[in-house]
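The values are calculated or read from the model by the stated rules, or taken from the named source; none is laboratory data. Please read all numbers here as calculations on a predicted model, not as lab measurements. Methodologically, a virtual Cβ is constructed for each residue, glycine included, from the backbone with ideal geometry; neighbour enumeration extends over all protein chains shown. With ligands, DNA and RNA removed, areas are computed over all heavy atoms of the protein, side chains included. Shrake-Rupley method; radii C 1.70, N 1.55, O 1.52, S 1.80 Å.
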Amino acid sequence: MHAIKEMDQAYILNTYHRLDVVIVSGQGAEVYDETGKRYIDLGSGVAVNTFGAADKEWADAVCRQARKLQHASNYYFTGPQSELAAMLCARTGMKGVFFSNSGAESNECAIKAARKYGNDRYGIARPNIITLKNSFHGRTITTLSATGQEEFHQHFMPFTPGFVHVEPDDIGEMEQAMDESDCCAVMMELIQGEGGVRALDYAYVREVARMAEQRDMLLVIDEVQTGNGRTGELYCYKHYGIWPDIVSTAKGLAGGLPFGATLFNEKTRHVLGEGLHGSTFGGNPVSAAGALNVLSRIDDALLAGVGEKSAYIRETLTGVKGVRGISGLGLMLGIETGRDAGDILAGCLKRGVLALTAKGRIRLLPPLNIPQALLAEAITILKEEIEA
Ligand SMILES: Cc1ncc(COP(=O)(O)O)c(C=O)c1O
């Protein structure tokens with residue numbers, strides 16, 4: 001057995017189901033294993049490597065900052081995080097940002113702020129947060145509680161109380177929960193990524209936003225996976241024409257470095273004050289430099305390209321024998337197939353294509369700038385494996 005796999009199995013907790021491949025390097029949408037075999041990457045490390053592996057411009061920006069200052073702590077001002085916060089606010093219209101290191105942490109921050117908002121205005125009368133069944137919000141005890149899937153509510157009792165789970169796209173159930181559950185906020189993913197790349201209904205989302213505002217409940221949108229250009233808009237909420245009170249994001253924001261951000265609007269901007277939240281690594285200058293590079297490159301041309309590539313994948317796979325449906329937006333797509341998705345992906349892996357699964361569907365999250373020729377090569381292989 002290869003030394004890397006041997007050491008991994010001997011010393012790393014067995015919490016991941018690893019595929020039989022060691023990734024050692026990459027360039028853009030192509031990555032290489034230890035034998036030198038090339039793979040076209042349609043997963044981007046689960047929507048993290050926004051511009052693929054070792055993108056030159058991104059790596060230069062990151063290395064420049066690492067050589068200048070890698071960390072200073074949040075006792076001091078540092079340039080990259082303030083520049084990034086200003087850019088995030090300018091691009092979204094949001095009014096303030098808290099930086100952390102992961103999706104779960106960006107959601108923890110959102111949850112703390114939502115509860116504090118409720119507390120400030122209504123005391124303990126509104127402690128709860130409504131989330132959706134089939135959602136995924138992270139792996140900490142509180143974000144597992146927020147996650148609306150029973151399989152995540154095992155083994156680690158007691159979980160954090162205060163979450164009410166309702167059926168997605170059922171406006172009646174949402175209204176009842178809002179009226180009967182003493183809630184300060186609604187938190188949801190607009191496309192449930194881990195839940196099978198299921199986009200929420202447009203009219204449902206707009207009605208939830210309206211009902212929440214009417215009741216002074218915050219609208220919290222989890223854009224950890226859908227954010228940062230993934231769906232063809234900078235943030236997915238723009239597709240739905242809503243204005244969230246809080247947006248959490250992570251994954252692709254820093255293009256491959258651990259980073260999270262929670263964005264606040266006018267109403268929620270001052271809810272968390274001095275001493276109420278913090279993070280040693282949050283806003284780390286190197287990660288922030290990576291994020292500045294990523295964000296400044298998610299422009300109209302890139303977003304238009306995401307839309308075109310999405311249309312290409314949909315057109316190529318629609319009507320193919322074995323394809324039962326295609327869900328999602330932009331370069332966040334789910335493919336429902338007649339055959340086991342894992343078997344199809346094993347065939348793709350052998351032929352040099354990496355992709356993902358989510359709830360029995362094939363999940364595609366390629367780098368946003370994947371060249372059309374590479375995308376076509378990979379989708380042809382995927383199509384043949386689905387048909388096989
Ligand atoms: C929508 C959503 N929220 C939160 C998370 C948790 O992010 P992280 O693994 O960075 O903590 C994920 C991760 O897949 C996610 O997809």
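Brief remarks on what is shown
- Residue check for residue 213: free of Cβ contacts under 8 Å to residues at least 60 places away in the same chain, over 18 Å from residue 328 (Cβ atoms) and either within 16 Å of the ligand (Cβ to nearest atom) or in the same structural domain as residue 290 (by TED's automatic domain parsing) (or both): yes
- Residue in segment 283-290 that is away from the ligand (no atom under 16 Å from the Cβ) and touching a His at 6+ places or on another chain (Cβ under 9 Å) present: yes
- Whichever residue in segment 13-58 is β-branched (Val, Ile, Thr) and open to solvent by 80 Å² or more (accessible area, probe 1.4 Å) and, among such residues, is farthest from residue 231 (Cα to Cα): 35
- Scanning segment 234-269 for residues that are in contact (Cβ under 8 Å) with a residue 12 or more places away in the chain and away from the ligand (no atom under 16 Å from the Cβ) yields 234, 241, 242, 243, 245, 264, 265, 266, 267, 268, 269.
- The set of residues in segment 126-156 being surrounded by 22 or more Cβ atoms within 10 Å (Cβ to Cβ), within 13 Å of the ligand (Cβ to nearest atom) and of a type in the set (A, V, I, L, M) consists of 132, 146.
- Criterion: of a type in the set (D, E, K, R), at pLDDT 95 or above and open to solvent by less than 10 Å² (accessible area, probe 1.4 Å) - qualifying residue of 223, 266, 213: 223
- Residue match in segment 244-254 (condition: surrounded by fewer than 24 Cβ atoms within 10 Å (Cβ to Cβ) and more than 17 Å from the chain's Cα centre (by Cα)): no
- Residue within segment 323-336 that is in the same structural domain as residue 251 (by TED's automatic domain parsing) and buried (at least 22 other Cβ atoms within 10 Å of the Cβ) present: no
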